[in-house]
Every structure is written in C-alpha cells, then in structure tokens.
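The values are calculated or read from the model by the stated rules, or taken from the named source; none is laboratory data. Computed from a predicted model, the values in this text were never measured in an experiment. Neighbour counts are summed over all protein chains in view; Cβ atoms, including those assigned to glycine, are modelled from backbone coordinates with ideal geometry. What goes into the accessible areas is simple: the full protein's heavy atoms, side chains included, and nothing from ligands, DNA or RNA. Shrake-Rupley method; radii C 1.70, N 1.55, O 1.52, S 1.80 Å.
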Amino acid sequence: MSHSAQQFIEKWRNLGNEKSHTHKFWLSLLGDVYGVEHPDSFIEFEERVRLKNVSFIDATIPATKVLIEQKSSDVDLRKPIRQSDGSELTPFEQAKRYDDNLPYSQKNRWIVVCNFREFHVHNLEKPNREPDAVVNLEDLEKKKHVLNFLVDETQTEAQVEKDLSFAAGELVGKLYDALLAQYRDPTSPETLRSLNVLCVRLVFCFYAEDADILGKHNCVCAYLAKRKNDMRRALIDLFHVLNQKENERDPYLDDDLRAFPYVNGGLFEGDVEIPRITPEIAELLTEECSRNFDWSGINPTIFGAVFESTLNPETRRSGGMHYTSIENIRRVIGPLFLADLKTELKEIFAIPIEKTRERRLKDFRRRLASLTFFDPACGSGNFLTQTYLELRTLENDVLRELMKGQMQMSDVAIQVGIDQFYGIEINDFAVSVARTALWIAESQMLKKTEGIISRTLNFLPLHTQAHIVEGNALRLDWETIVPRDRLSYI
C-alpha cells in the first residue's frame, strides 16, 4: 500500500463537511491514492437530474459508471433522511432515485454512499438495499482493492475475489517456505503435518481479524507486534487461549490475550510444533500477512483449492495447481438442484397474497435447511463450499423479502448450516482446508445477513461443523458418513 493512502486517512480523519469538503475529498482520493493523473477531468460534480424539480447529483465518474452520494461525517448512512418533497429516503435510496431518472445511456453500474468515515458500495448488477461492501476510512490502507472499481472499468466482484484469493495463496506459500526452513527436519512427514496445521491456524486468525470476528480491530497484528522478540511463544499462547472457554482461562492472563474469544470447532485443539520465528518471519507475519493484506474478501471456494495446492508439496512439485472454477461448479449444481430452487423462489415472490407468500417463503427456508449434500472425494471442499454459498444466498433473498413485513425474532435465526454438508477426503490436510473454507464461507454469509436484518449475529464460538471425514471413499461405507434416507444430493 502506498504511503499516500495513510496520508489520506490522517488528513481526513477529523474533517467531513459535505458542502466544504466533497470536491477536495474525492479529487484527493482519486489522484493521491488511486493515481488518476487528472482527477478533475475524471470525476464530475453537481450533474443535473430532473425529478419533480431539478436536483443535483453530488458526483459521478462516467468512465467507470459510478454515482456518488456524499453526506457529512455526522450523518448515519443507514437511516432515512427527509427530502425536499417530504419523502423519507436513505442516502442509497436517494442516489438510486437519481440514477433511475437518468437517460439509459448515462445509467450507472455502481453507487457509492459516503460520509467521509465510511464508503458503502452498491453494485447495481445486484440491486439490494444493503451495501455489497463497506470500507471504513481507517481501513483504506488495507482495503484499497475494494474501491478499485472507481478507476478500473474492467473490474468485477468475481475478478476481485479471484485475484485476492490467488494473492492470498502466494502469501501463504511465502510464509510456508520461510517456516519450513526453520524446522529441524524439513522433510519428515511429522514436520509437514505440523506446518500444514500451523498455516491453517494462522490463515484463520488473519481472516477472523479482518472480518471483525475476533473483537478488537487489528487485534492479531497488535498482539504479534507487541511480542516480536518472542513470537514463537506468542503463537503458542494465542492458540492455547483460542481453544479455551473464557471461564476456564488463567485469571492472570495479559489483557490482550484475555480479549480473544473462544473459537471452538477443534481448529486450535492440541499442540502443534512451531519452529523458531526469525525476525524476517516475524516481519512477514505482522506486516505482509496481517497489517497490509485484507483476507476478508477472499472467495472461500477458490481459496480452499489455492491454499491446498500452495501447501501441498506434491502439487507444487508437479508444476501447478488445479481447481474447478466457480463457473464449472455452477454448471454441475445448476441443473442438479439450484436452477429449480431459484425458479421456485421466483414463483413464490410473485404470489400477490401477502400471508400466502410469507407462509410459502418460510416453508421454502425450511426446505433449504433440510437438504443434505455429500461429496465422496471432496478435496479442499470447493463443491461443498460453493453449494453452501448458493443456498445461503437464497436464504438471504427470503429474509430480505420477509423483512418487508413484521418478522419475529424467531424467524431471524439462520436455518441453512454447514452441518448439512458431508465429504470424504483421503488427504488429511485437504480435510482441514475444506473445514476452514466452509467456516470462512459461513462468516461471510453471516455478515451479509446482518446487513439485511440490521442486527449483529455472533459467529464465535463455532457452533456448526461440516462433516468432512478423512478416509478412502472406495473403502468406507458411505452410509456410516450420512444415511441414504437423509441424503438429498451426491
């Protein structure tokens, strides 16, 4: 990340008046942070749009089809604001109304709602009321890539996720090689097993830190930086604490260790051999892996395969990784079950009688939660992970529709869970990767649900777990994994 991003954060941390600062803020963001040579000709301010009377759009970026609705720093971007015509609209609804009244050739693909503290990103390819991404000003140094669409007209969400997932894989590979060189016997099976477990744990910590599920912002980075002189002991202590319930911990723990939540799920269970952490590895962990990389946006379907390949010596020796693309996974699960589910939901949405529609939506959610999936050679779990993401997306679509009525608290509880997914995999490391990929997917979908229901949902401690079994699928009795009468799809 360029030094200019940090300078931008520091400059605008305590500023934020819509009328006085909008032009300077966006010109600086585009020019200083994103490198646009002539930002004043790249972004247009105060474009006219005719509603009942003439109104003005705060800013647009024609080249990348972005509409910007800017508010002052004291404005809550999630709450409605009274308009001049007496209507109550959120800033996004206000911006969407502007876009709806533009000529077809001038319509935008993106809406960004900003209050100098937060950027709320809405992709109009998927027109939802809740943002597809939220970037805090304080996180811009790490999350710059999320706003790349401002200047890159070729950027799509899928490509960003893919690029980020491969970049994460390269980072894990660099960390893997550095740690491997410190083991006493780098070629032994025991060493490779320990190193694989260590890397899975570290990746989960980095992801959980960036996804704000470990509590305090940048808590892993701050913890490790404070203990650079003995980072090996710091990791041992951290893993031990993450595996302990709060009421079972040493009452005299340091405050920063005590602040970490209990994870559960077996991820941090048992000791793992950790080699000497050199100053170079300590720097890699705290700076490249933690402070300067955003793990929260990785695509777990892709990353699971990238992660497994990066840390699998056999795959690395054979000259590259191979994974089934999301597009090809959809070509399989679409005709198998997903297309029918989407068609059914579309028909339910079209039911005009509200009570009937609501009853059918609740029945549909229960059916989603009753489906069971089994992959007898699941590898790093990309088919299971993508299937989970698709089902949770459908469930979120249902919740969004139900939120238009008076939904009870009991209806908010997530019903689709990763415990509906079963797999067999002969490689012990791939088993760990598959479980971790599904946990990451679960966390990401939970964040999207929070945006729909406007409530916080707890991810930790882990309550559900996919049933990924280590073994040979040609020799195991599959019914011992999942009984056939409970199985929906293989």
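Tabulated values for the structure
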quantity	calculated
Percentage, to the nearest whole number, of Cα pairs in region 92-213 over 26 Å apart	41 percent
Charge dipole (debye, nearest 20) of the chain; +1 at Cβ of Lys and Arg, -1 at Cβ of Asp and Glu	1080 debye
Neighbourhood net charge (10 Å Cβ-Cβ; Lys/Arg +1, Asp/Glu -1) for GLN106	0
ASP230 accessible area, assembled protein chains, probe 1.4 Å, Å²	90 Å²
Degrees separating the helix 189-210 axis from the principal Cα axis of the chain, which is the longest one	20 degrees
Using alpha-carbon coordinates, inclination of helix 428-453 to the longest axis of the chain, degrees	20 degrees
Carbon + sulfur, % of accessible area of region 215-318 - ligands and nucleic acids excluded, 1.4 Å	46 percent
Distant alpha-carbon pairs in region 169-327 (separation over 22 angstrom), percent	43 percent
Electrostatic dipole magnitude of region 33-174 [Cβ: Lys, Arg +1; Asp, Glu -1; Cα centre; debye, to 20]	360 debye
Lys/Arg +1, Asp/Glu -1 at C-beta; the chain dipole; positive extreme among PHE421, HIS145, CYS199	PHE421
Probe 1.4 Å - accessible area at LYS162, Å² to nearest ten	80 Å²
Listed residue (GLY169, SER105, PHE119) projecting farthest to the positive dipole end of region 100-247, Cβ model	GLY169
Intensity falloff of region 1-105 expressed as log10 I(q)/I(0), Debye formula with alpha-carbon point scatterers, at q = 0.14, 0.17, 0.24 Å⁻¹	-0.63, -0.90, -1.40
Charge dipole (the chain, unit charges on Cβ, about Cα centre) - positive-most of ILE453, ALA259, LEU402	LEU402
Shape category assigned to the chain from the gyration tensor of Cα positions, a/c cut at 1.5	oblate
Dipole moment magnitude, nearest 20 debye, region 351-452 about Cα centre, only Lys, Arg, Asp, Glu C-beta charged	520 debye
Rounded to 5, percent antiparallel among DSSP beta bridges of the chain	60 percent
Whole-angstrom gap from region 1-59 to region 178-225, using each part's C-alpha centre	39 Å
Descending semi-axes in whole angstrom, ellipsoid equivalent of region 177-241, from the Cα gyration tensor	24, 14, 9
Computed lengthening from ILE351 to THR187, 0.36 nm per intervening residue step minus Cα-Cα distance	52.8 nm
Heavy atoms of TRP110 accessible to a 1.4 Å probe, total area in Å² rounded to 10	20 Å²
Probe 1.4 Å, accessible area per residue of the chain, Å²	49 Å²
Within the chain, helix-based [θ] at 222 nm, where runs of 4 or more DSSP H residues each add -39,500 (n - 2.57), nearest 500	-13500 deg cm²/dmol
Degrees between helix 18-28 axis and first principal axis of the chain (Cα, 0 to 90, nearest 10)	50 degrees
Distant alpha-carbon pairs in region 335-459 (separation over 23 angstrom), percent	35 percent
